[in-house]
Every structure is written in structure tokens, then in C-alpha cells.
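To start, the structure under review is shown below, and the notes come after it.
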Amino acid sequence: MKRIFKNSFPICFLSKSSLLFLKKGEFQIIDLTTGTFTKLVKFNTSFKEAILTRIPILARILRKGIRCGVKVSENLVLFVIGQKIYELDLDSKVISEGYMTSDKSRPLVFSKIECIKGFDDGIYFGGYKVNPGKKPISIYKRIQKDDWVEVFQFPQGSIEHIHNIIADPYKNTVYILTGDFDHSAGIWMAQNGFELVVPLLIDDQKYRGCVGFPTPEGLVYATDSPFDQNSIRLLK
């Protein structure tokens, strides 16, 4: 099993025992109960991207290579390579031409919003890129294959980028985790399809997070700071 995953990038679970991953530019599925795997399709990429895909630490430093993925339906998976979002049809084994935002931001993660009052169900992501000048950064919603629409934009000077968008069915609201420094680090609340977006906690590294889980008691999130002792916290 260890040899199979060497120089590989896990993309998403297709079921409890089925994992989609990329190895040396080829998409494969492994059955974790039997250890058997199925080769799907090669991804044609540049030589530079191919090298970065095989060296995860280098890809992380340069923010290149494959970054994240999400299962949309039984036969459709989205994934990101470089600054482009692609769609993989698991039945036809065809990869779409891809989509890129106008500012070349990309998802750090994809988010699913379902059954939250005032929001359309669907796949969303927040723009993520190096942005020290705090230029406007947006949230996007998938419409159809390689077609996304901007649903909200943080104005100039607000934040550097978006780490995650988390739907909370207990509070019937959506949280936006932002970074990285000064007042850019924070947790925001969105309601009514992003018509209302307000900061809950900002301007401190203990409000800088990338991962969170809604619970009846509040939002459980992990801090993501290179300056402080990180921790797992509960936002009530």
C-alpha cells in the first residue's frame, strides 16, 4: 500500500472504501478494502507541472501542481491543477478543458452548500492566491461544466484570500475563513446568498483557520498560524 501511494496525491473519496488519487500524471482509483486499483486517464500537463506533481513539498512551496478535489456526483469529480479547475467524468474518463478566474485565484478547498436558507445548493469556492496588496477577492459558484459565476467580492483592503467556506445547518448560516495577516485573518458570517457578509472575529492569528466543522454547540476549527502555538477551538 505504501508503494502505491508514493509520489501520489489523494484527491477525494468516491465511497467509504474507494479513493481517487493522482500518480505520475495519471488518475487512479484504489479499493482500500482489497488494495486493488484501477487506472482511469492520463492528464496532459506541462513538464514543470508534471515534476511538481511528483515533488509535493516543492508544489506546496510554489503553490503549484494539483491542489484539491471534490466529488460532485457519482460520476463527476472537480480538481485543481495550477490556477485552473478541471472536471473529470468518471464514466467517460474525459477531462474538461478547464476554468480559470480572471484574477487567476484558485480554490484552497471546494465547499458544498446544501439546505441553507437563502443559498442555492451547489459547489462554491473562495479565491486563494498570494495577495499582499489585499486586492478584491471573490467567491464563486459552479453553474455547469467549466462555468462559474461570481456571487460575492470582498472589496480592496479587506482580506488577502479565502481559506474555506463552511455551511452550518445548525445556525442556518455560512462561515467564511480568511487569511492571512493583520485584519485579514478572521471568521466571517454570510447570510441570504451572500447579501449579508459581516466579520465575527478578525485581526488576530487565533481567528486564522483553514478547516472547520459545524456542531450544535458552535463551529469547531483549527488555527493555522506560523507565529503562534496552534490549537483546536470552539466558536460558540
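The values are calculated or read from the model by the stated rules, or taken from the named source; none is laboratory data. The shown structure was predicted, so the numbers you read here are calculated from the model rather than taken from an experiment. Every residue, glycine as well, gets a Cβ built from its backbone with ideal geometry; the counts of neighbours run over all protein chains shown. Only protein heavy atoms, including side chains, enter the accessible area calculation; ligands, DNA and RNA are left aside. Shrake-Rupley method; radii C 1.70, N 1.55, O 1.52, S 1.80 Å.
Some values worked out for this structure:
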read-out: Hits in the stretch 79-122 - residues which are outside any loop (DSSP other than H, G, I, E, B), hydrophobic (A, V, I, L, M, F, W, C) and under 30 Å from Asn192 (Cβ atoms); value: Val80, Ile85, Ile113
read-out: Which listed residue, of Lys112, Lys135, is farther than 30 Å from Gly25 by Cβ, of a type in the set (Lys, Arg) and out of contact with any Ser or Thr (no Cβ under 9 Å at 6 or more places or on another chain); value: Lys135
read-out: Residues satisfying the stated conditions in the stretch 173-194, i.e. part of a loop (DSSP other than H, G, I, E, B), out of contact with any strand residue (DSSP E or B) (no Cβ under 6 Å at 6 or more places or on another chain) and either charged (D, E, K, R) or at pLDDT 95 or above (or both); value: Asp180, Asn192, Gly193
read-out: Residues satisfying the stated conditions in the stretch 103-153, i.e. touching a residue at least 24 places away in the same chain (Cβ under 8 Å) and polar (S, T, N, Q); value: Ser105, Ser111, Asn131, Ser138
read-out: Candidate set from the stretch 195-224 (those that are without any contact (Cβ under 8 Å) to a residue 24 or more places away in the chain and in a loop (DSSP other than H, G, I, E, B)); member that is surrounded by the fewest Cβ atoms within 10 Å (Cβ to Cβ); value: Glu217
read-out: Any pair with Cβ under 9 angstrom, 6 or more apart, that starts in the stretch 160-172 at a residue that is at pLDDT 95 or above and ends at one that is surrounded by 21 or more Cβ atoms within 10 Å (Cβ to Cβ) and of a type in the set (D, E, K, R); value: His163/Arg208
read-out: Ile159 vs. criteria open to solvent by less than 30 Å² (accessible area, probe 1.4 Å), assigned to a strand (DSSP E or B) and out of contact with any Cys (no Cβ under 6 Å at 6 or more places or on another chain); value: no
